[in-house]
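S.K.: Sharing a structure below in structure tokens format, with a few things to ask.
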Amino acid sequence: MTNFHIPDDALISVEKLQMHFPIKKGFLGRELGAVKAVDDVSFYIRKGETLGIVGESGSGKSTTARALLRAYEPTGGTIRFKDPEGNWHDLTHKSEAEMRQLRQYMQMIFQDPYASLNPRMTLLQLVSEPLVNNGITNKSELEDRVADLLIKVGLRPENMTRYPHAFSGGQRQRIGIARALALNPTFIAADESVSALDVSIAAQTINLLQDLQEQMGLTYLFITHDLSMVEHISDRIGVMYAGRLVEVADTASFFEQPLHPYSEALLSAIPIPDPKRARAKKRGLVKGEVADPANLPVGCAFASRCPHASELCHMSNPELTETAEGRFVRCHHSADLKLQGANYDQ
Ligand SMILES: Nc1ncnc2c1ncn2[C@@H]1O[C@H](COP(=O)(O)OP(=O)(O)O)[C@@H](O)[C@H]1O
Ligand SMILES: [Mg+2]
């Protein structure tokens, strides 16, 4: 069990999630160690909210999402999900058949709308695939359902017979969203879903996701390496570093007053359009190499890059601690630090 309270309106709770990939070598597959892609991740997501997860490439964001949807068998920890009837399910102990039932409520949208759509399938086939797999076979019912879904995501039903190559990147991402919505999910994990799109198309896609959230009461896990993307859509933000969550906060508190030195470093790297303010900021705060998840230090994984690290930080790995309601940080010294937020208005 976690050492914090999980709110009654939570839809998902993740407790001490671990996903370690064995490093094997040679003919006998001798195990040399493990890549600790996700080492200790605990959080909850409330029904109808968006939790943004940020962190550098390789910090374990995608692995967390995949383990959450049980695309991977987690090494340790507990994942619980509340179905639409309000019953909790421990996903870590579900059989494949039981998971198939629950997966209709839990969907994923991927980064690359080019790679994730089969180029030989029409729009109708692509969007109806999840429905067909779920036993809906009546042709006119399928066409009606697909037309509704296309309208929902801002695509034109008359284009149903066309193939993915006929659509732009932003439109393809909408096809991916329509597929994800086909079975009326309650939860969607979006993994870098807008990261490959132009800024204006990305903004439109984020607006679409927000409209859909409002209409359908959806709950989102929104993963990105780009902090400027996450501010607009997230109610709360979690920061990952080397397979661990190092901070969780509501979005405003996070941007105004981060509690973890790594969060401060991430915020200082957001590009600022006004050059006068940009000059006043300390840039490039994070120096040094990202911690290697195959070879984590005994202490805090950020210590070697942290300007505030003490001897304690190199010796002992801090726990994720709730410092105020809903405010979590993993740092020995956070109570004594006065860290710099994004300071947009100063
Ligand atoms: N299937 C896998 N086998 C071995 N290592 C993996 C696998 N998937 C991810 N990793 C490693 O786990 C770490 C976290 O990866 P990932 O979750 O993709 O990070 P992110 O999405 O934050 O960029 C990386 O070091 C990556 O190389
Ligand atoms: Mg990723």
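S.K.: Please tell me if Asp191 is outside the structural domain of Phe222 (by TED's automatic domain parsing) and among the charged types (D, E, K, R).
M.R.: So Asp191 does not fit the description; no.
S.K.: Ok, one more. Residue check: is Pro293 surrounded by 15 or more Cβ atoms within 10 Å (Cβ to Cβ), assigned to a loop (DSSP other than H, G, I, E, B), at pLDDT below 95 and touching a strand residue (DSSP E or B) at 6+ places or on another chain (Cβ under 8 Å)?
M.R.: yes
S.K.: With the requirement that a residue be closer than 22 Å to Pro130 by Cα, under 21 Å from the mean Cα position of the chain (by Cα) and more than 9 Å from ligand 1 (Cβ to nearest atom), what does segment 68-101 give you?
M.R.: Listed by number, the residues that qualify are Leu68, Leu69, Arg70, Ala71, Phe81, Lys82, Asp83, Leu91, Met99.
S.K.: Return the only residue of Lys47, Lys24, Lys82 being of a type in the set (Lys, Arg), open to solvent by 20 Å² or more (accessible area, probe 1.4 Å), in contact with a Ser or Thr (Cβ under 6 Å, 6 or more places away or on another chain) and more than 16 Å from ligand 2 (Cβ to nearest atom).
M.R.: That would be Lys47, the only listed residue that is of a type in the set (Lys, Arg), open to solvent by 20 Å² or more (accessible area, probe 1.4 Å), in contact with a Ser or Thr (Cβ under 6 Å, 6 or more places away or on another chain) and more than 16 Å from ligand 2 (Cβ to nearest atom).
S.K.: A further question follows. Scan segment 257-276 and give yes if some residue there is open to solvent by less than 20 Å² (accessible area, probe 1.4 Å) and modelled with pLDDT under 90, otherwise no.
M.R.: Yes, segment 257-276 contains at least one residue that is open to solvent by less than 20 Å² (accessible area, probe 1.4 Å) and modelled with pLDDT under 90.
S.K.: May I ask you to list the residues in segment 296-320 that are of a type in the set (Ser, Thr, Tyr) and either within 16 Å of ligand 2 (Cβ to nearest atom) or modelled with pLDDT under 95 (or both)?
M.R.: Hit for segment 296-320 is Ser304, nothing else.
S.K.: Specify which of the listed residues (Ser42, Ser57) is open to solvent by 60 Å² or more (accessible area, probe 1.4 Å), in contact (Cβ under 8 Å) with a residue 24 or more places away in the chain and among the hydroxyl-bearing types (Ser, Thr, Tyr).
M.R.: Every option except Ser57 fails the conditions.
S.K.: Let me ask you something else. Would you check which residues across segment 118-167 are within 23 Å of Gln210 (Cα to Cα), open to solvent by less than 80 Å² (accessible area, probe 1.4 Å) and assigned to a loop (DSSP other than H, G, I, E, B) and list them?
M.R.: Residues satisfying the conditions are Val153, Gly154, Leu155, Phe167.
S.K.: Report, by residue number, each residue of segment 246-271 that is among the hydrophobic types (A, V, I, L, M, F, W, C), outside any helix (DSSP H, G or I) and either in contact with a Gly (Cβ under 8 Å, 6 or more places away or on another chain) or free of Cβ contacts under 8 Å to residues at least 60 places away in the same chain (or both).
M.R.: Those that are among the hydrophobic types (A, V, I, L, M, F, W, C), outside any helix (DSSP H, G or I) and either in contact with a Gly (Cβ under 8 Å, 6 or more places away or on another chain) or free of Cβ contacts under 8 Å to residues at least 60 places away in the same chain (or both): Val248, Ala249, Ala269.
S.K.: Going through segment 119-169 one residue at a time, which ones are among the β-branched types (Val, Ile, Thr) and touching a Lys or Arg at 6+ places or on another chain (Cβ under 9 Å)?
M.R.: Selection gives Thr122, Val127, Ile136, Val153.
The values are calculated or read from the model by the stated rules, or taken from the named source; none is laboratory data. Everything numeric in this text was worked out from a predicted model, so none of it was measured. Every residue, glycine as well, gets a Cβ built from its backbone with ideal geometry; the counts of neighbours run over all protein chains shown. Only protein heavy atoms, including side chains, enter the accessible area calculation; ligands, DNA and RNA are left aside. Shrake-Rupley method; radii C 1.70, N 1.55, O 1.52, S 1.80 Å.
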